[in-house]
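The structure under discussion appears below in the form of structure tokens.
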Amino acid sequence: MLSTARVARLATAGATGQPLVVPVCFVLSGDRLYTAVDDKPKRTRELRRLKNIAENPAVSLVVDDWHEDWRKLRWVIVEGTAAIVEGDERARALRALVLKYAQYATMDLERTAGAVLAIEPARVSAWRSDN
């Protein structure tokens, strides 16, 4: 699921503990997950998720498949730590995102992307309906 899912929900919490959950495009590359602040319209590039991660790097990422037929439900939760990456790792993450999302191929992510986050998994749990 982590290799093929198109969207995930990233949960962060700042120093106050107030949670924030946002949908993100992401890619699994090696043993890390990456997401970037991309070119989609935003009010600001100083996003609350980035402030939260600076204050508290513990995050959760949820990927799920919802179906009206509950026999097909499934999800994966990745708990870990997030950090902004730079240099070669940032460039590799952006290339991997471009390979996964055709929409990114039309953006000059090397130039226009904001922060690129790497999530280092500490715990992965998964569930699926077995009916």
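On C-alpha positions alone, give me the angle between the axis of helix 87-100 and the longest principal axis of the chain, in degrees, nearest 10.
The helix 87-100 is inclined about 50 degrees to the chain.
At what distance in angstrom do the alpha carbon centres of the range 1-38 and the range 53-131 lie from each other?
Taking the Cα centre of the range 53-131 as reference, the centre of the range 1-38 is 4 Å away.
In the neighborhood of A11, defined by Cβ-to-Cβ distances under 11 Å, what is the net charge if each Lys or Arg adds +1 and each Asp or Glu adds -1?
Values: positive: R9, R49; negative: E79.
Net charge around A11: +1.
To the nearest 20 debye, what is the magnitude of the charge dipole of the range 8-124 about its Cα centre, counting +1 on the Cβ of each Lys and Arg and -1 on the Cβ of each Asp and Glu? Kindly include the intermediate steps, with their values, before the conclusion.
Details: 18 positive and 16 negative charges, 46 e Å.
Its charge dipole is roughly 220 debye.
Going 7 Å from the Cα of V124 along its beta-carbon direction, which residues of the range 9-36 have the amide nitrogen within less than 14 Å of the resulting point?
Correct set: 27-34.
Each label point is 7 Å from the Cα along the Cα-to-Cβ direction; what then is the distance between the points at D31 and R95, in nm?
Reported label-point gap for D31 and R95 is 2.1 nm.
Just to be sure I understand the curve: with the Debye formula and one point per C-alpha of the range 8-124, what is log10 I(q)/I(0) at q = 0.09, 0.13, 0.17 Å⁻¹?
-0.25, -0.51, -0.86
Can you sort M1, M107 from fewest to most other Cβ atoms within 10 Å of each residue's own Cβ? Kindly include the intermediate steps, with their values, before the conclusion.
On the way: M1 14, M107 18.
Lowest count first: M1, M107.
Name the residue farthest towards the positive end of the dipole of the range 81-131 from the options A126, Y104, V116, assuming +1 on Cβ of Lys and Arg, -1 on Cβ of Asp and Glu, about the Cα centre.
A126
No lab work stands behind these numbers, since they all come straight from the coordinates. Worth saying up front: this structure is predicted, and the values here are computed from it rather than measured. A quick note on method: Cβ atoms are made from the backbone with ideal geometry, for glycine too, and the neighbour counts reach across all protein chains shown.
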